[in-house]
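Student: Just dropping this structure here.
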Amino acid sequence: MIRFVVATIMLFAIPSAADAQTGSTATMKLLMADIAPTAEIGSPAERKELITAIKAYCSELASAYPRNSPSEDQWLVAELAGDSNRITLALSSSEFGRRMAKQFVDGCQTWTTYLDKMDDMKGYVGLAHTFLIFSDGTDNYARKNNVDVDRFALKAIPKETAKALLAVALRRS
């Protein structure tokens, strides 16, 4: 299963010629390079390399995503507390996408920091959960916020990384 996950990630993470020239996919290449040769991701050193690459990916994504202003956050909270029409509109807004991205990056930072200290199943499941939550609709929110979907392979990376992390967690049990 891990080999299928790796092949899928590699397929979607191939950079365009423009990205290769600017080096903007360096973190993605690192993530793919760390997962691909270590399909089983069994040793502590391999797991540490994977977590380091994931940290770099999340950091690069955080830099690319704009943040909500305090007034945008207030607006979003008010809309999400409104009637069903207001909630529906808020859930499809750029502001909600930015909020999701911030929650993902915060969760990614929390779990990778945890895994730096405690290499256990709980950390891998928590990080996988963070990636799974972020995977639903991520590409649409990214487009609304002018974040390059292809650069971050947002159609594949979140779900496939979650699968790989769950496989690591199962090996840790």
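Student: Assuming residue 71 fulfils every condition listed in (1) open to solvent by 70 Å² or more (accessible area, probe 1.4 Å); (2) at pLDDT 55 or above; (3) part of a loop (DSSP other than H, G, I, E, B) apart from one, which condition is it?
Tutor: (3)
Student: Any chance you could count how many residues in region 148-173 are part of a helix (DSSP H, G or I) and polar (S, T, N, Q)?
Tutor: 1
Student: Then there's this: Among residues belonging to region 115-153 that are polar (S, T, N, Q) and at pLDDT 90 or above, point out the one that is farthest from residue 105 (Cα to Cα).
Tutor: In this case the residue turns out to be 146.
Student: Pick from 132, 165: which is of a type in the set (A, V, I, L, M) and in contact with a Pro (Cβ under 8 Å, 6 or more places away or on another chain)?
Tutor: 132
Student: Would you check if residue 49 is open to solvent by 20 Å² or more (accessible area, probe 1.4 Å), at pLDDT below 95 and not in a helix (DSSP H, G or I)?
Tutor: So residue 49 does not fit the description; no.
Student: Identify, please: which residue in region 74-87 is assigned to a helix (DSSP H, G or I) and open to solvent by less than 80 Å² (accessible area, probe 1.4 Å) and is, among those, farthest from residue 149 (Cα to Cα)?
Tutor: Top of the filtered list is 78.
Student: Quick test for you: out of 156, 164, 90, pick the one residue that is at pLDDT 95 or above and on the phi < 0 side of the Ramachandran plot.
Tutor: Just one listed residue meets the conditions, 90.
Student: Counting only residues that are in a loop (DSSP other than H, G, I, E, B) and among the charged types (D, E, K, R), which one in region 88-147 is nearest to residue 69 (Cα to Cα)?
Tutor: Among them, the one singled out is 136.
Student: Right, next: Kindly list, by first and then second residue, each pair from a residue in region 60-89 that is β-branched (Val, Ile, Thr) to a residue that is surrounded by 11 or more Cβ atoms within 10 Å (Cβ to Cβ), limited to pairs with Cβ atoms under 7 Å and residues at least 6 apart or on different chains.
Tutor: From residues that are β-branched (Val, Ile, Thr), the pairs are 87/79; 87/80.
Student: A further question follows. Can you tell me which residue is surrounded by the fewest Cβ atoms within 10 Å (Cβ to Cβ) among those in region 102-118 that are among the charged types (D, E, K, R) and closer than 13 Å to residue 48 by Cβ?
Tutor: 117
The values are calculated or read from the model by the stated rules, or taken from the named source; none is laboratory data. All values reported here derive from a predicted model rather than from experimental measurement. Note that we place each Cβ from the backbone using ideal geometry, even for glycine, and neighbour counts take in every protein chain shown. Protein only, heavy atoms only, side chains kept; ligands, DNA and RNA dropped before computing areas. Shrake-Rupley method; radii C 1.70, N 1.55, O 1.52, S 1.80 Å.
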